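Step one of this worksheet: look at the structure below.
The values are calculated or read from the model by the stated rules, or taken from the named source; none is laboratory data. Computed from a prediction, not measured in an experiment: that's the story for all the values here. Heads up, the Cβs are rebuilt from the backbone with ideal geometry, glycines too, and the neighbour counts pull from every protein chain shown. Accessible surface areas use protein heavy atoms only, side chains included; no ligands, DNA or RNA. Shrake-Rupley method; radii C 1.70, N 1.55, O 1.52, S 1.80 Å.
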Amino acid sequence: MDQFSISNLADWLEAHNDDLMAKKTQLDPNKVYAIVDYLKVLKKPAEKYLHMKQADYYTTESDHKLNLPDDNAPLTATHDRIMVNHVDGSIKNDQLNFTYNHEPVFDGGYTPQRDLNIVKYGLEVIGAVATSGHIETVSAALSPDAVLTLVLAATAFSSYQA
């Protein structure tokens, strides 16, 4: 894993969007988990969050961007998503600002294309600055909730494809 892996996966997802949606090509969520682990924003390996209760995450790591309404439910049950949609600042001066927005993935039922977009666009934005080699700066600027969302979105999309 290196800083180029992030953009490479984002590009692959974009190139295979139609086949992924048609379930002709499968998304391997482990590739997203590996990127999340590489970023070192979350305190534990990505897979550990799949079974973590919402309250445990909320009180230990969350930056409170995600709406986690059911303390006893696993994180995978949350319907909220935070998409990384923009970055600005100066990588040279180690000052980055990511911006985020909530994505209504479950309004009117599950919308798998939105989860796929969350992963694609998030990785594209993160990857654009990660290729600079300033991975510590990128990681320090990222929201844990947005990074967790990459895990949740990839997991839900992969389940949809099954």
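Taking region 20-47 as the range and being in contact (Cβ under 8 Å) with a residue 24 or more places away in the chain, assigned to a loop (DSSP other than H, G, I, E, B), in contact with a helix residue (DSSP H, G or I) (Cβ under 7 Å, 6 or more places away or on another chain) and not polar (S, T, N, Q) as the test, the residues that pass are Lys23, Leu27, Lys40, Val41, Leu42. Of the residues making up region 118-139, those that are buried (at least 24 other Cβ atoms within 10 Å of the Cβ) and closer than 15 Å to Ala34 by Cα are Val119, Gly122, Leu123, Ile126, Ala130. Remark: pairs (first residue in region 67-94, acidic (Asp, Glu); second residue loosely packed, with under 13 Cβ neighbours inside 10 Å and part of a strand (DSSP E or B); Cβ separation under 8 Å; 6+ apart in sequence or on different chains) = Asp88/Asn97. Any idea which of Asp107, Asp115 is more than 17 Å from Asp63 (Cβ to Cβ), among the acidic types (Asp, Glu) and assigned to a loop (DSSP other than H, G, I, E, B)? Testing whether each residue is more than 17 Å from Asp63 (Cβ to Cβ), among the acidic types (Asp, Glu) and assigned to a loop (DSSP other than H, G, I, E, B) leaves just Asp107. Here Ser5 fulfils each of the conditions (1) open to solvent by 60 Å² or more (accessible area, probe 1.4 Å); (2) under 27 Å from His134 (Cβ atoms); (3) assigned to a helix (DSSP H, G or I) apart from (1).
Is it fair to say Asp115 is among the acidic types (Asp, Glu), touching a residue at least 24 places away in the same chain (Cβ under 8 Å) and either surrounded by 15 or more Cβ atoms within 10 Å (Cβ to Cβ) or within 18 Å of Val129 (Cα to Cα) (or both)? Taking the combined requirement at face value, the residue satisfies it. If you go through region 118-162 and keep only what is under 27 Å from Gln26 (Cβ atoms), modelled with pLDDT under 95 and part of a helix (DSSP H, G or I), you end up with Ala128, Ala130. For residues in region 40-99 being under 22 Å from Thr137 (Cβ atoms) and of a type in the set (S, T, N, Q), which is farthest from the chain's Cα centre (by Cα)? Looking at the filtered set, the residue picked out is Asn93.
Of the residues in region 117-153, how many are touching a strand residue (DSSP E or B) at 6+ places or on another chain (Cβ under 9 Å) and of a type in the set (S, T, N, Q)? Residues that pass the stated criteria total 4. From the list Leu50, Leu66, the one residue that fits, being in contact with an Asp or Glu (Cβ under 6 Å, 6 or more places away or on another chain) and either over 25 Å from Thr131 (Cα atoms) or polar (S, T, N, Q) (or both), is Leu66.
Somewhere in region 28-51, is a residue open to solvent by 40 Å² or more (accessible area, probe 1.4 Å), out of contact with any Leu (no Cβ under 9 Å at 6 or more places or on another chain), more than 23 Å from Ala10 (Cβ to Cβ) and at pLDDT 95 or above? For region 28-51, residues open to solvent by 40 Å² or more (accessible area, probe 1.4 Å), out of contact with any Leu (no Cβ under 9 Å at 6 or more places or on another chain), more than 23 Å from Ala10 (Cβ to Cβ) and at pLDDT 95 or above: present.
Of all the residues in region 48-66, those that are in contact (Cβ under 8 Å) with a residue 40 or more places away in the chain and in a helix (DSSP H, G or I) number 3.
Checked against the criterion of being under 30 Å from Ser132 (Cα atoms) and open to solvent by 30 Å² or more (accessible area, probe 1.4 Å), the candidates Glu61, Glu103 yield just one match: Glu103.
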